[in-house]
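Worksheet: one structure, shown below.
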Amino acid sequence: MQLRNLLEAKGFRRIVLRKMTTGHYTCRAKLNSKKGVFIIDTGASSSCVDFEYTDLFNLVQEKSDVTAAGAGDSNMKTAVSHTNVFELATHKTKNMSFVLFDLSHVKKAIATLDPTVVHGIIGADYLKKHSAVLDYGRNCMYLK
């Protein structure tokens, strides 16, 4: 039995991903009814959005004492935004939280190889909650 048939029979929904020239996988999604592009990052503990797009996605910021660290940078100031609606294809999540921080180092690295505008990152918090299964061979993932 094919992976797709097995997972769909168990109630998973298939989400098509785009593989960037950098090797990152992205998906198109809506955050608070606004379209955006998000990197799928199993190594990121939290889903996040670049401070630059706070207004675009109508995100309400709350202060955070947490500093972020990621590939290429550390000790970055953050904020948090709660009670957001995130839609990935037909998969809708209400009350989703996002960490807000400066993703310019990520965007700069990507821009050298790929012109895609990236608004944020979907991290392990979301992927685990929805039992994500990534199928790298077919450039897709499944969510429950």
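Every number in this text was worked out from the coordinates using simple rules, so none of it is lab data. Not measured: the values here are computed from a predicted model. Quick reminder, even Gly has a Cβ in these numbers, built from the backbone with ideal geometry, and neighbours come from all protein chains shown.
Hull surface divided by four, with the convex hull built on the Cα atoms of the chain: how many nm²?
Result: a mean projected hull area of 8.4 nm².
In which sequence would Y53, Y136 go, from the one with the fewest C-beta neighbours within 10 Å to the one with the most?
Y136, Y53
With the dipole of the chain worked out from charges on the C-beta (+1 for Lys and Arg, -1 for Asp and Glu) around the Cα centre, which of Y53, T112, G123 lies farthest toward the positive end?
Result: G123.
What's the local net charge at L127, with K and R +1, D and E -1, over the other residues with C-beta under 12 Å away?
+1
With +1 assigned to the C-beta of every Lys and Arg and -1 to the C-beta of every Asp and Glu, and no other charges, what is the dipole magnitude of the chain about the Cα centre in debye, to the nearest 20?
I would put it at about 720 debye.
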